[in-house]
Amino acid sequence: MNQDIAWEDLYQQGDTGWDRGEMSPALTHWLESGLNKEQRILIPGCGRGYEVIELARLGFDVTALDIAPSAIESLKNSLKQEGLHATLICGDLFDYQTTTPFDAVYEQTCLCALPLELRSAYASHIKAWLKPQGSFYFSMMQTGEKEGPPFHCDWADMQCLFGAEDWLWQQKPPLLIARPKGKRFELAFRLIRR
């Protein structure tokens, strides 16, 4: 499925405002809450992969996927410099399939980068990538704007997209994650695939 945005061009131009330059505080929280290190984790739309590096450092079996060759090359070099390993895939996330479902999917600002008409297909892929009872860790971008990317991820829309027939939502409030610049923020959740 071809995406309208030329992500590689944005990397080449240095127009990477979504890149916070470090691992998301949401992942830090989930790691401190006891994320199981025996898990195989997929990170779609990994970008430069700060989370990939940290998870690999901690011993997780990580697969990282991004459409932009520059992002994957940067991540590859970072992993090499640190003597770490992760499986890196440069390609369209809508083409990616696995024969062995993952224990967890960690998604941070990938969904909000996709045009709205691709959200349903993306949600179907996430479900297919996960084992039953697998964890889906994701952050909903809050922009308050109609245009994007990033596209606003309304909580009610997300509860429909990841409906109760397929997903168990946590009963506690989401994590509130500030963005380094501007008024935008993220609401971070852990869902369980039924």
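Throughout, read-outs are computed from the coordinates displayed, never taken from laboratory work. Source: prediction; values computed, not measured. Cβ sites come from the backbone with ideal geometry, for glycine too, and all protein chains shown count toward neighbours.
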Restricting region 20-71 to trypsin sites (Lys or Arg not before Pro) in coil, as DSSP defines it, with at most 16 other Cβ within 10 Å:
Lys37
What are the extents of the Cα atoms of region 140-194 along their three principal axes, listed from largest to smallest and rounded to whole Å?
36, 21, 13
Here the Cα Rg-to-2.2 N^0.38 Å ratio for region 25-88 is 1.05
Chymotrypsin sites (Phe, Trp or Tyr not before Pro) within region 100-194, DSSP loop, no more than 16 other Cβ atoms inside 10 Å:
none
Partners for Lys76 among lysines (Cα-Cα distance below 29 Å; same-chain residues under 8 apart left out)
Lys37, Lys127, Lys131, Lys181
Over the chain, the sum of -39500 (n - 2.57) across DSSP H runs of at least four, divided by residue number and rounded to 500 deg cm²/dmol, gives at 222 nm -8000 deg cm²/dmol
Between region 119-194 and region 53-114, how many Å separate their Cα centres?
19 Å
Measuring from its Cα centre, the chain shows a charge dipole (+1 at each Lys and Arg Cβ, -1 at each Asp and Glu Cβ) which, in debye to the nearest 20, is 600 debye
Quick one: give the max-minus-min coordinate of the C-alpha atoms of the chain along each principal axis, largest first, in Å.
41, 38, 31
Identify which of Gln142, Gln170, Gln39 has the largest mean-square fluctuation in a Gaussian network model of the chain, with springs joining Cα atoms closer than 10 Å.
Gln170
Name the longest site-free stretch of the chain, where the excluded sites are GluC sites (Glu not before Pro) in a DSSP loop with no more than 15 other beta-carbon atoms within 10 Å.
39-144
